[in-house]
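Remarks on the structure that follows.
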């Protein structure tokens with residue numbers, strides 16, 4: 001019958017619209033139960049394999065839980081024991097960086113000029129960073145890790161190159177990457 | 001067999017030698033007379049003294065070196081007699097320094113395939129760097145059209161006899177040929193990464209690029225123009241003048257009964273249905289399209305030049321940005337090409353992960369293509385949003401495994417970057433077994449059964465089987481014309497031969513066939529996914545420990561995969577260093593644009609948008 005396809009399409013839109021609210025009520029009824037929030041596990045948003053309705057996340061009032069491997073810009077890890085940067089200024093991150101946005105100055109002994117194993121200065125231009133994660137992947141000392149903070153808008157370009165925000169404590173790394181942190185700790189022992 | 005050019009069947013080589021004894025062997029005495037057609041090409045001693053033995057003296061130099069004079073006959077022979085009908089890739093390599101016995105030259109490479117499957121035949125033609133000129137093969141092989149224009153644009157090789165040799169990606173009047181080795185871009189810092197200024201002495205990165213000596217290295221001159229171009233007039237820019245001249249001269253019908261005023265209309269560059277910054281100059285007779293010329297390059301960042309500055313590994317995240325919907329397959333193609341040069345085998349588990357990722361990527365791409373096609377027909381965003389919903393769930397899977405939703409940086413030579421996290425397979429199985437079949441069916445029925453969509457797309461923009469092959473289109477566009485050609489079957493890579501799936505085709509070749517075929521392919525992808533997800537073995541995911549400045553043994557290769565949009569190939573030349581000597585991408589979206597003018601001719605202006613949507617292109621890949 002001519003026009004049947006159009007009616008079907010309209011029905012489908014209506015069905016999706018209605019199911020969104022039906023599932024909202026369902027997820028509200030089952031709130032607090034374990035294992036109901038598939039995928040994103042956001043209260044009020046049924047997002048997952050069995051959902052029939054729309055699962056828009058109303059950012060910023062609702063937030064998806066980010067997966068552990070989610071990566072944004074890198075940060076340098078401050079070791080919990082020594083309270084110093086873990087970085088040994090080996091320069092591997094600066095070499096592998098595809099956009100060459102990591103700048104590291106290696107310390108030198110003032111008398112002999114021999115290289116020391118810590119950085120004097122380190123910069124990372126986050127306005128250039130392509131968030132590929134190579135630096136964290138290739139760092140042999142677990143000294144540079146990928147951050148999860150993505151709300152980093154700035155009004156000026158110097159705002160993207162600030163060294164003080166780049167160093168973060170080890171506990172922060174352990175908090176955002178629990179599995180990877182446990183693996184690293186096991187490997188070091 | 002040891003001295004046979006790599007990757008070429010013995011029978012092809014023998015037949016070639018039999019038919020072109022002079023062109024391929026060193027026995028040919030120098031001939032002066034013939035060269036007069038291409039006067040600048042004759043100074044070469046080497047193009048006369050081409051031989052198999054010379055070729056073999058360069059390690060792993062693939063294919064046959066042909067005299068430019070014999071190029072067209074050899075190509076025609078390969079096509080007509082030996083069945084190498086599919087001209088897949090055409091590119092050039094610049095050698096500013098003498099290489100072995102060859103003086104400085106530009107090497108133009110042609111890769112041809114058989115539709116029955118199998119490897120390629122590579123042809124090399126040399127030309128001088130000054131006044132580089134070669135015969136054009138576009139009149140015989142329409143697939144070469146855009147690629148020859150690109151080689152002219154990037155290397156300055158002029159193709160004699162090309163119907164429309166304008167610059168492709170740069171603008172007319174641009175100074176120099178960017179892919180030549182001695183050309184330096186603005187903000188040029190050093191020949192290769194890593195740059196010495198970053199480590200060990202570091203510094204302040206703020207506005208560092210402004211401090212490089214060549215930060216304003218951009219000039220406009222007439223050097224890039226054809227010598228025959230008349231001086232610029234004020235009304236149009238040089239590029240537009242050449243474009244409009246081309247459009248008005250092409251396909252004029254002298255016997256038109258009624259003399260009507262034709263007009264040229266520019267669709268784009270900012271047009272909501274062009275998937276990016278893409279301009280189509282259309283010559284219209286009323287509402288009927290008489291001729292269409294695609295204009296692009298607005299997103300051009302010279303990906304290939306960046307690729308040659310990068311180290312091998314640094315290119316992987318860049319490939320994600322080509323066709324930004326299918327980062328997984330882009331980097332897979334690049335890694336496969338690298339592995340071909342390295343001769344690495346990858347672990348079983350990594351093979352399965354790669355297949356799962358590329359098939360999921362295909363589902364995403366095809367659903368999105370169909371969704372955005374409905375957008376183009378005037379459904380607005382409703383159709384796209386149903387596709388985007390499923391895409392979100394698949395991107396959740398990608399994000400969990402790689403950390404990025406679009407810029408994955410996941411594939412590595414020798415395997416993949418990270419293992420699947422706990423519970424990932426279960427989630428993927430649930431999606432593939434339960435949700436996707438339901439949703440694909442739903443979407444298929446609401447799109448393809450819709451009478452408006454059928455009326456708009458059936459019989460519109462039809463491409464014949466022969467034209468599709470000649471134009472070198474690939475992927476769903478080719479298969480919708482009834483050509484069962486799929487790299488996964490024709491030249492299986494990875495472990496595709498283990499899976500059961502069909503190469504689906506449709507016969508009509510029109511817009512509807514292309515859209516419907518994408519749904520057929522989703523079903524096949526789901527079939528592969530169901531098999532692969534059940535079979536994933538335990539084990540390693542990486543066969544080699546990668547070093548940041550890994551080197552690749554000298555050689556060249558052309559590696560290709562069946563990306564969701566079609567055949568995606570990487571032509572890599574290594575000189576043994578830490579950087580690719582040549583890094584060329586056979587961009588699927590670009591090559592699928594070759595028949596665009598043909599597809600839209602004679603149709604209405606509203607059909608252009610439908611045709612463009614059915615081709616499914618990403619400007620990130622077209623412009624590179």
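Quick look at the values:
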{"read-out": "Calculated on alpha-carbon atoms, Rg and Dmax of the range B:301-364 in Å", "value": "12.6, 37"}
{"read-out": "Theoretical gain in end-to-end length, residue A:7 to residue A:80 [0.36 nm per residue, Cα-Cα removed]", "value": "19.9 nm"}
{"read-out": "Rg and Dmax of the range B:538-597, Cα atoms only, in Å", "value": "15.6, 50"}
{"read-out": "Label-to-label distance, nm, for residues given as residue B:80 and residue B:266 (7 Å Cα→Cβ offset)", "value": "4.3 nm"}
{"read-out": "Convex hull volume per residue in cubic angstrom - Cα atoms of the range B:352-436", "value": "91 Å³"}
{"read-out": "Computed label-point distance, nm, for sites residue A:26 and residue B:186 using a 7 Å Cα→Cβ extension", "value": "5.5 nm"}
{"read-out": "Over chain B, relative contact order from alpha-carbon pairs under 8 Å, at least 6 apart, %", "value": "15 percent"}
{"read-out": "Residue A:15 paired with residue B:19, simple spin-label distance in nm, labels 7 Å along Cα-to-beta-carbon", "value": "5.7 nm"}
{"read-out": "Relative contact order %, the range B:291-362, counting alpha carbon pairs below 8 Å whose residues are six or more apart", "value": "25 percent"}
{"read-out": "Cα-based radius of gyration of the protein assembly as shown once divided by 2.2 N^0.38 Å, which approximates compact folds", "value": "0.99"}
{"read-out": "Sites residue A:118 and residue B:429, calculated FRET efficiency, Cβ-Cβ separation with R0 41 Å, nearest 0.05", "value": "0.30"}
{"read-out": "Whether chain B is rounded, prolate or oblate, judged on the alpha carbon gyration tensor where a/c under 1.5 counts as rounded", "value": "rounded"}
{"read-out": "Nearest 10 degrees, 0 to 90: helix A:4-29 Cα axis against chain A principal axis", "value": "70 degrees"}
{"read-out": "Cα gyration tensor category, rounded, prolate or oblate, for the range B:275-434 with a/c compared to 1.5", "value": "oblate"}
{"read-out": "Value of [θ]222 nm, deg cm²/dmol, for chain B, DSSP H segments ≥ 4, -39500 (n - 2.57) each, nearest 500", "value": "-10500 deg cm²/dmol"}
{"read-out": "For the range A:68-189: relative contact order, % (alpha-carbon pairs under 8 angstrom, 6 or more apart)", "value": "35 percent"}
{"read-out": "Sites residue B:445 and residue A:165, calculated FRET efficiency, Cβ-Cβ separation with R0 41 Å, nearest 0.05", "value": "0.20"}
{"read-out": "Prolate/oblate/rounded label for chain A (Cα gyration tensor, a/c 1.5)", "value": "prolate"}
{"read-out": "FRET E, pair residue B:606, residue A:58, Förster distance 25 Å, beta-carbon r, rounded to 0.05", "value": "0.10"}
{"read-out": "Globularity index of the range B:347-492, i.e. its alpha-carbon radius of gyration over 2.2 N^0.38 Å", "value": "1.21"}
{"read-out": "Degrees between helix A:178-188 axis and first principal axis of chain A (Cα, 0 to 90, nearest 10)", "value": "30 degrees"}
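Throughout, read-outs are computed from the coordinates displayed, never taken from laboratory work. If you're wondering where the values come from, they're calculated on a predicted model, not measured in any experiment. Cβ sites come from the backbone with ideal geometry, for glycine too, and all protein chains shown count toward neighbours.
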